[in-house]
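The values are calculated or read from the model by the stated rules, or taken from the named source; none is laboratory data. These figures come from a predicted structure and were not determined experimentally. We place every Cβ from the backbone using ideal geometry, glycine too, and count neighbours over all the protein chains shown.
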Amino acid sequence: SQQGEEDPQALSIQEGENATMNCSYKTSINNLQWYRQNSGRGLVHLILIRSNEREKHSGRLRVTLDTSKKSSSLLITASRAADTASYFCATDVRVNYGQNFVFGPGTRLSVLP
Amino acid sequence: EAQVTQNPRYLITVTGKKLTVTCSQNMNHEYMSWYRQDPGLGLRQIYYSMNVEVTDKGDVPEGYKVSRKEKRNFPLILESPSPNQTSLYFCASSLIWGAGEKLFFGSGTQLSVL
């Protein structure tokens, strides 16, 4: 079962515009992470936000977390063609021996030059 | 260089012919996991391992086996592959899970079962 659900499924913008992707999850979490995947490649970690944080920045990335709404958003400012990729949120869920990662279905971002 | 190494990168096989996809990490990570990625379905977890000899099922374990005899290796075994196991597979690892550690991914294995 998927814990996280990204929205929208696909997003197409012009270079220089901002891109916003959302992630909703079902159960309480300790951390939420965002990953990026270039076509067919392995995922690369972008940023982590802890449950006691509301906002975090890293370069052109801004992540927010609203635990009351069980949702997070990833904002990419001043987008570039090289930002074209799929973006996934990942949350931790408690399991037998500790915790486990669960990924959402992802948002496919296309940045047009 | 710190990395997760998967082999092979591409694999074409026939129904019923046992195969193994290898995964190795050189970062002394405790947590390792296998995912499959299908169009429109995102990443679905097959199996994961919290440490040596500790493995557990993910969301889609049917038709797969794993073992974790050594910390660095976490092979994925398909005893009798079927066409519905045609997919892109990823191995991933992290130092320990539960402390906000990030996942490192392999480059993927594109499997086609004819």
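Scanning segment B:59-96 for residues that are within 14 Å of chain A (Cβ to nearest Cβ) and not in a loop (DSSP other than H, G, I, E, B), which turns out farthest from B:Thr15 (Cα to Cα)? Don't jump to the end; show me each part of the working.
The initial filter retains those residues of segment B:59-96 that are within 14 Å of chain A (Cβ to nearest Cβ), namely B:59-61, B:68, B:87-96.
From the residues that got through so far, the ones that are not in a loop (DSSP other than H, G, I, E, B) too are B:87-94.
Details: B:Ser87: 14, B:Leu88: 17, B:Tyr89: 17, B:Phe90: 21, B:Cys91: 23, B:Ala92: 26, B:Ser93: 29, B:Ser94: 33 Å.
By that ranking, first place goes to B:Ser94.
Are any of the residues in segment A:94-103 among the polar types (S, T, N, Q) and either more than 10 Å from chain B (Cβ to nearest Cβ) or more than 26 Å from B:Thr55 (Cα to Cα) (or both)?
Restricting attention to segment A:94-103, the residues satisfying the condition of being among the polar types (S, T, N, Q) are A:96, A:99-100.
Going one step further and asking which of them are either more than 10 Å from chain B (Cβ to nearest Cβ) or more than 26 Å from B:Thr55 (Cα to Cα) (or both), we end up with none.
Checked segment A:94-103: no residue is among the polar types (S, T, N, Q) and either more than 10 Å from chain B (Cβ to nearest Cβ) or more than 26 Å from B:Thr55 (Cα to Cα) (or both).
Working only within segment A:4-28, note down all residues that are among the charged types (D, E, K, R) and surrounded by fewer than 12 Cβ atoms within 10 Å (Cβ to Cβ).
Of all residues in segment A:4-28, those among the charged types (D, E, K, R) come to A:5-7, A:15, A:17, A:26.
If the condition is that a residue be among the charged types (D, E, K, R) and surrounded by fewer than 12 Cβ atoms within 10 Å (Cβ to Cβ), then no residue fits.
If only one of B:Thr15, B:Thr22 is of a type in the set (Val, Ile, Thr) and in a loop (DSSP other than H, G, I, E, B), which one is it? Before the answer, list the steps.
Working: B:Thr22 fails: in a loop (DSSP other than H, G, I, E, B).
The conditions single out B:Thr15.
Restricting attention to segment A:64-113, and to residues there that are polar (S, T, N, Q) and not in a strand (DSSP E or B), which single residue is nearest to A:Ile47 (Cα to Cα)?
A:Thr77
For segment B:97-106, what are the residues that are assigned to a strand (DSSP E or B) and either more than 7 Å from chain A (Cβ to nearest Cβ) or modelled with pLDDT under 90 (or both)?
Residues of segment B:97-106 that are assigned to a strand (DSSP E or B), as a first pass: B:104-105.
Of everything in segment B:97-106, just one residue is assigned to a strand (DSSP E or B) and either more than 7 Å from chain A (Cβ to nearest Cβ) or modelled with pLDDT under 90 (or both), namely B:Phe104.
From the list B:Gln25, B:Gln3, B:Gln110, which residue is of a type outside the set (Val, Ile, Thr), under 29 Å from A:Ala10 (Cα atoms), out of contact with any Asp or Glu (no Cβ under 8 Å at 6 or more places or on another chain) and within 14 Å of chain A (Cβ to nearest Cβ)?
Details: B:Gln25 fails: under 29 Å from A:Ala10 (Cα atoms); B:Gln3 fails: under 29 Å from A:Ala10 (Cα atoms).
When all the criteria are applied, what remains is B:Gln110.
Take the residues of segment A:32-61 that are over 30 Å from B:Tyr10 (Cα atoms), more than 12 Å from the chain's Cα centre (by Cα) and of a type outside the set (Gly, Ala, Ser): which is surrounded by the fewest Cβ atoms within 10 Å (Cβ to Cβ)?
The extreme case among them is A:Asn52.
Out of all the residues in segment A:9-55, which are more than 12 Å from chain B (Cβ to nearest Cβ), on the phi < 0 side of the Ramachandran plot and not in a strand (DSSP E or B)? Show your work before the answer.
Residues of segment A:9-55 more than 12 Å from chain B (Cβ to nearest Cβ): A:11-22, A:24-28, A:54-55.
Retained after the next criterion (residues that are on the phi < 0 side of the Ramachandran plot): A:11-15, A:17-22, A:24-28, A:54-55.
Those that are more than 12 Å from chain B (Cβ to nearest Cβ), on the phi < 0 side of the Ramachandran plot and not in a strand (DSSP E or B): A:Glu15, A:Glu17, A:Asn18, A:Lys26, A:Thr27, A:Ser28, A:Arg54.
Can you report the number of residues in segment A:16-37 which are out of contact with any Asp or Glu (no Cβ under 9 Å at 6 or more places or on another chain) and within 9 Å of A:Cys89 (Cα to Cα)?
Final tally of qualifying residues: 2.
Could you grab me the full set of residues in segment B:70-101 that are touching a strand residue (DSSP E or B) at 6+ places or on another chain (Cβ under 7 Å), surrounded by fewer than 20 Cβ atoms within 10 Å (Cβ to Cβ), of a type outside the set (S, T, N, Q) and free of Cβ contacts under 8 Å to residues at least 60 places away in the same chain?
Result: B:Arg72, B:Pro75, B:Ile77, B:Leu88, B:Gly98, B:Gly100.
It is to be established whether one or more residues within segment B:36-55 are in contact with a Cys (Cβ under 9 Å, 6 or more places away or on another chain), within 23 Å of A:Gly104 (Cβ to Cβ) and either surrounded by 16 or more Cβ atoms within 10 Å (Cβ to Cβ) or of a type in the set (Lys, Arg) (or both). Break it down into steps so the answer makes sense when it comes.
Within segment B:36-55, the first condition is being in contact with a Cys (Cβ under 9 Å, 6 or more places away or on another chain), and the residues that meet it are none.
No; the residues of segment B:36-55 include none that is in contact with a Cys (Cβ under 9 Å, 6 or more places away or on another chain), within 23 Å of A:Gly104 (Cβ to Cβ) and either surrounded by 16 or more Cβ atoms within 10 Å (Cβ to Cβ) or of a type in the set (Lys, Arg) (or both).
Can you pull out every residue in segment B:40-87 that is among the β-branched types (Val, Ile, Thr) and farther than 18 Å from B:Leu111 by Cβ? Give the steps one after another, and end with the answer.
Kept after step one, since they are among the β-branched types (Val, Ile, Thr), are these residues of segment B:40-87: B:46, B:52, B:54-55, B:60, B:66, B:77, B:86.
Passing the criteria: B:Val52, B:Val54, B:Thr55.
Does B:Pro8 satisfy the condition of being surrounded by fewer than 15 Cβ atoms within 10 Å (Cβ to Cβ) and at pLDDT below 95?
On the way: surrounded by fewer than 15 Cβ atoms within 10 Å (Cβ to Cβ): yes; at pLDDT below 95: no.
No, not satisfied.
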